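The block underneath contains the structure these notes are about, expressed in C-alpha cells.
The values are calculated or read from the model by the stated rules, or taken from the named source; none is laboratory data. Owing to the predicted nature of the structure, the values given are computational and were not obtained by experimental measurement. Because the Cβ atoms are built from the backbone with ideal geometry, glycine has one as well, and the counts that use them run over all protein chains shown. Each accessible area value is taken on the protein alone, full model and side chains, heavy atoms only, with ligands, DNA and RNA left out. Shrake-Rupley method; radii C 1.70, N 1.55, O 1.52, S 1.80 Å.
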Amino acid sequence: MHCIKKVTDDLIWVGANDRRLAMFEGVYSVPNGVSYNAYLLMDEKTVLVDTVDKAVQQRLLENVAVALNGRPLDYLIVQHMEPDHSAAMKELLLRYPGVKIVCNAKTQTMIKQFFDLDVDALIVGEGDTLNTGRHTLHFVMAPMVHWPEVMVTYDSTDKILFSADAFGTFGALNGALFADEVDFNRDYLDEARRYYTNIVGKYGTQVQTLLNKAATLPIEMICPLHGFVWRKNFSDIIAKYMLWSSYQPEERGVMIAYASVYGNTENAAEILASKLHDNGIKTVMFDVSVTPTSEIIAAAFRWSHLVFASTTYNAGIFVSMEALLDDLVAHNIQNRTVGILENGSWAATSGNLMREKLEKCKNLHFLEHTVSLKSSLKASQLPELEAMVQSIAADFPHSTTNTVASKDGKTAVIDPAAMFKLSYGLFVLTTKDGQKDNGCIINTVMQVTASPVRIAIAVNKANFTTGMIAKTGAFNVSILAESAPFRIFEQFGFNSGKDSDKFAQCGYDTRTANGIRYLPQHTNSVISATVTGSYDCGTHTMFIADVTESLILSGEPSMTYQYYFDHVKPKPQPSQEAKKGFACKICGYVFEGETLPADFVCPLCKHGADDFESL
Ligand code: FEO
C-alpha cells in the first residue's frame, strides 16, 4: 500500500523508510532506521527527484504510481548516484520507458558503471535550468557532497532547495515529515551530527562551497535525501553545518575516549574526568571498545578538547583506539586541543604513536605533557594528572557559563569566553525595530565590567543603526574573524539602512534570543546586549549595555584593524596618471583634488577627513 506525504500543493514526498537495516553503508549502525527521500513534482511536466535504496524500492514504485494518478512520468532528476538513492532507477525506467533522465555528465558515466545502461539523458551543468511549466529548476553542482557527481536542485518558483545528502539525518521518519513537527534539537540533532560528520565530515571545504552558493539563494524549504524536510527555523541547522564544515567545535568541553583492557587506563580517565568536572568543565567519556566509532567521531566534532587514553598493545596502540584515530584522521578533524594518556606495563609506546597519527590533522594543539602510566595510576602521579587538568582549565577562564532567560522566554547563554574575542577590531553591529533589521560596521567595542558583564560601543550618529538602538535599546555585536571578506564591509559599511536592506544578500536568518540577527559566518562570537545608558561623544554615541547573551561561533582569530588594512581592504590600483587626492583609510574611497575640506565626510562609509590619507 502506498504511503505518500504532501510537501506543497504540487510537491509530494514519495520516499520510504527502512527500520530493518542494521548498518548503513555497511559501517554505521542505524538503531532508529533511515529514510530515503524522493520527491515528485506535479507540474505541467512531472518530475521525480531521485529514487531510493533497493530495500524499499517497491514502496517507491507504488508511491510514484499513486501520486502520478495515471499521468506519465516526464523527468527523473538524478542528483546523486550512490545506490541508496539510485538503486530503484533501473526498475523505474522499465515501468516508465518514456522518462527523460536529467543529470550531469559524471552521473551519466556512473549510470553506465552501475547499471550497464546507455541512457539518452538531458545533461545539465552549473546554472542550467529546466522549466516544467510553473516551476523553474536550477542545477547547482556540489561535488564531494558526498560523491563527485552530486548536484543539488533549486526550484526558484517555490524557493525550494533539493539538497541531496546535505542536511540529512539518520533515523526513519515516524509519521512526521517536517523538522518543525518534532523536537529536532532534543530528539534528532545528535543523529544529524552523526550523519554529517561520518558521511561528509571529510569534505568540509566542499560543503562550505555549497553553503556559500546556497547563501545567495532565497530559500524557503530544504528537501534532503534523508530525514526531515526543513520549512522553518533552518538557520539553526545551517549554523551547525557552518561549524561542522569549518571544523570548529560546537561546544566547549572535553571528550575523553579511552581504550582499557583491564580497567586501569579507564580508572585514570575517570579520575581525569572527575577533576575536569570539579573545575567546572563539561566532560563526556567513551570506551572505544564499546561505543560505535561513528558516535565518537560525532562527539569529536562537537567538543573543543579531546583526550585520548590508550593502553599499549602488541607494542602499538590498542586496536579499537587505533581504528578510532585512523577514522578521525580520515574525517579531517581539525582545530582542537588534544591531551594524551598512555599505559604500558613494560614498554609504553601508545602515547607517541597516537600523537604521530593525529599530527596528520590540521591545527591540533597538543598539551605538552603526555601522562604515562606503568600498569596503573599511582598516587605519586596525581600531580601529573592535575597538571593536565590545569592545562585544559587554562582554556576555560571562568569556566561556568551563566544561563539566563530573555524577555521572550527563550534561554540565552552568556559565555564569558566570548569577551576574550574583543580586540581593536571590526564588528557588525545589528539591531531590529519592528520588522526592520539593520546593521553597520563599527570598530569600538569593549568590556567595561565583569559583574554584570557590561560592554561599551561607539557608533557614528550619522548611521541609521544608531537611532534604532537609541529607540529600541537592544543590539548584537558579531565579532568579525580574519576570514571576513571585503563584501561584508561593502554590505554593512558602504550604504545606509535607511534606504536599503543590509541583509538582502544574506541567505540565512540567524537570530539570538533577543530576536536580533547576527552573522553566523566569518565571525567568531556574537554578543547580545541591552542598553543601560548612553554618552554623547560628538560625532558618535557611546552606548553602555548589559550583555544578555554571548556565544562562541568559531575558533578563528578576531579580525584586527591592522589585519583588515593588510589583508582585506583592496589595495589602490596603480593608474597611468598620478592622481592628486586623498583616499579613505576605511573603505578606499578616493577624493580627487589638491585639498581635502576639513569637514569632508566619506560618501561611502561616512568617516570624516581624519580617516583620509594623501595619495
Ligand atoms: Fe545518502 Fe551519499 O548517499
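May I ask you to list the residues in region 133-156 that are surrounded by 16 or more Cβ atoms within 10 Å (Cβ to Cβ) and hydroxyl-bearing (S, T, Y)? Correct list: T153, Y154.
Take R194 and tell me if it is part of a helix (DSSP H, G or I), out of contact with any Leu (no Cβ under 8 Å at 6 or more places or on another chain) and within 16 Å of the ligand (Cβ to nearest atom). Step through it out loud before you land on a result.
Numbers: part of a helix (DSSP H, G or I): yes; out of contact with any Leu (no Cβ under 8 Å at 6 or more places or on another chain): yes; within 16 Å of the ligand (Cβ to nearest atom): yes.
Yes, satisfied.
Please verify whether A176 is farther than 18 Å from H85 by Cβ, among the hydrophobic types (A, V, I, L, M, F, W, C) and not in a helix (DSSP H, G or I), treating the condition exactly as stated.
Values: farther than 18 Å from H85 by Cβ: yes; among the hydrophobic types (A, V, I, L, M, F, W, C): yes; not in a helix (DSSP H, G or I): yes.
Yes, satisfied.
The set of residues from region 297-343 being part of a loop (DSSP other than H, G, I, E, B) and on the phi < 0 side of the Ramachandran plot comprises F318, H331, I333, Q334.
Among the residues of region 504-513, some residue qualifies, meaning at least one is of a type in the set (D, E) and in contact with a helix residue (DSSP H, G or I) (Cβ under 6 Å, 6 or more places away or on another chain). Within region 346-370, the set of residues being assigned to a loop (DSSP other than H, G, I, E, B), aliphatic (A, V, I, L, M) and either open to solvent by less than 30 Å² (accessible area, probe 1.4 Å) or free of Cβ contacts under 8 Å to residues at least 24 places away in the same chain (or both) comprises just one member, L367.
At pLDDT 95 or above and away from the ligand (no atom under 16 Å from the Cβ): does that describe A179? So A179 passes the test.
Being outside any strand (DSSP E or B) and more than 13 Å from the ligand (Cβ to nearest atom), is that true of even one residue in region 138-151? Even if it seems obvious, please write down each step before you answer.
Of region 138-151, the ones outside any strand (DSSP E or B) are 142-150.
Narrowing further to those that are more than 13 Å from the ligand (Cβ to nearest atom): none.
Scanning region 138-151, I find no residue that is outside any strand (DSSP E or B) and more than 13 Å from the ligand (Cβ to nearest atom), so the answer is no.
Candidates in region 276-293 are the residues that are at pLDDT 95 or above and within 24 Å of S554 (Cβ to Cβ); of these, the one that is surrounded by the fewest Cβ atoms within 10 Å (Cβ to Cβ) is V284. List every residue pair whose Cβ atoms lie under 9 Å apart, where the two residues are 6 or more positions apart in sequence or sit on different chains, the first residue falls within region 143-168 and is touching a residue at least 60 places away in the same chain (Cβ under 8 Å) and among the β-branched types (V, I, T), and the second residue, located anywhere, is open to solvent by 10 Å² or more (accessible area, probe 1.4 Å) and within 10 Å of the ligand (Cβ to nearest atom). Sorted first by the residue in region 143-168, then by its partner, the pairs are V150/E82. More than 13 Å from the ligand (Cβ to nearest atom), closer than 30 Å to T291 by Cβ and touching a strand residue (DSSP E or B) at 6+ places or on another chain (Cβ under 6 Å), is that true of N17? Yes: the conditions hold for N17.
The set of residues in region 81-103 that are away from the ligand (no atom under 16 Å from the Cβ) and part of a helix (DSSP H, G or I) comprises K90, E91, L92, L93, L94, R95.
When the strands (runs of 3 or more DSSP E) confined to region 418-479 are screened for residues that are farther than 19 Å from C537 by Cβ and of a type outside the set (V, I, T), those reaching at least 1 such residues are found at 427-433, 436-442.
Only one of V78, V119 is within 13 Å of the ligand (Cβ to nearest atom), at negative phi and without any contact (Cβ under 8 Å) to a residue 60 or more places away in the chain; which? Working first, answer last.
Details: V119 fails: within 13 Å of the ligand (Cβ to nearest atom).
Answer to the selection: V78.
Candidates K106, K112: the one that is surrounded by fewer than 22 Cβ atoms within 10 Å (Cβ to Cβ), within 16 Å of the ligand (Cβ to nearest atom), outside any loop (DSSP other than H, G, I, E, B) and of a type in the set (D, E, K, R) is K106. Assess whether R252 counts as being within 25 Å of K362 (Cβ to Cβ) and surrounded by 21 or more Cβ atoms within 10 Å (Cβ to Cβ). No: the conditions fail for R252.
Taking the criterion of being surrounded by fewer than 23 Cβ atoms within 10 Å (Cβ to Cβ) and in a helix (DSSP H, G or I), the residues of region 205-224 that qualify are T205, Q206, Q208, T209, L211, N212, K213, A214, A215.
Residues that are open to solvent by 10 Å² or more (accessible area, probe 1.4 Å) and charged (D, E, K, R) within region 308-337 comprise E322, D326, D327, listed in sequence order.
Under the condition of being closer than 19 Å to R19 by Cα and among the charged types (D, E, K, R), the residues counted in region 166-195 number 4.
This table checks each residue for (1) in a strand (DSSP E or B); (2) farther than 18 Å from T283 by Cβ; (3) within 25 Å of the chain's Cα centre (by Cα); (4) at pLDDT below 95.
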residue: S372; (1), (2), (3), (4): yes, yes, no, no
residue: L385; (1), (2), (3), (4): no, no, no, no
residue: M388; (1), (2), (3), (4): no, no, no, no
residue: T400; (1), (2), (3), (4): no, no, yes, yes
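Of all residues in region 471-516, those satisfying the criterion of being at pLDDT 85 or above, touching a strand residue (DSSP E or B) at 6+ places or on another chain (Cβ under 7 Å) and either open to solvent by 30 Å² or more (accessible area, probe 1.4 Å) or among the charged types (D, E, K, R) (or both) are K471, T472, K502, R511, N514. Report, by residue number, each residue of region 255-272 that is open to solvent by 30 Å² or more (accessible area, probe 1.4 Å) and closer than 20 Å to Q334 by Cα. Hits for region 255-272: nothing passes. Under the condition of being under 18 Å from G344 (Cα atoms) and either in a loop (DSSP other than H, G, I, E, B) or of a type in the set (K, R) (or both), the residues counted in region 260-296 number 6.
Listed conditions (1) closer than 23 Å to F139 by Cα; (2) out of contact with any Lys or Arg (no Cβ under 6 Å at 6 or more places or on another chain); (3) open to solvent by 20 Å² or more (accessible area, probe 1.4 Å) are all met by Y39, apart from (3). Criterion applied to V124, V66, V78, V99 was being of a type in the set (V, I, T), open to solvent by less than 60 Å² (accessible area, probe 1.4 Å), over 36 Å from the mean Cα position of the chain (by Cα) and at pLDDT 95 or above, and the one residue passing it is V99.
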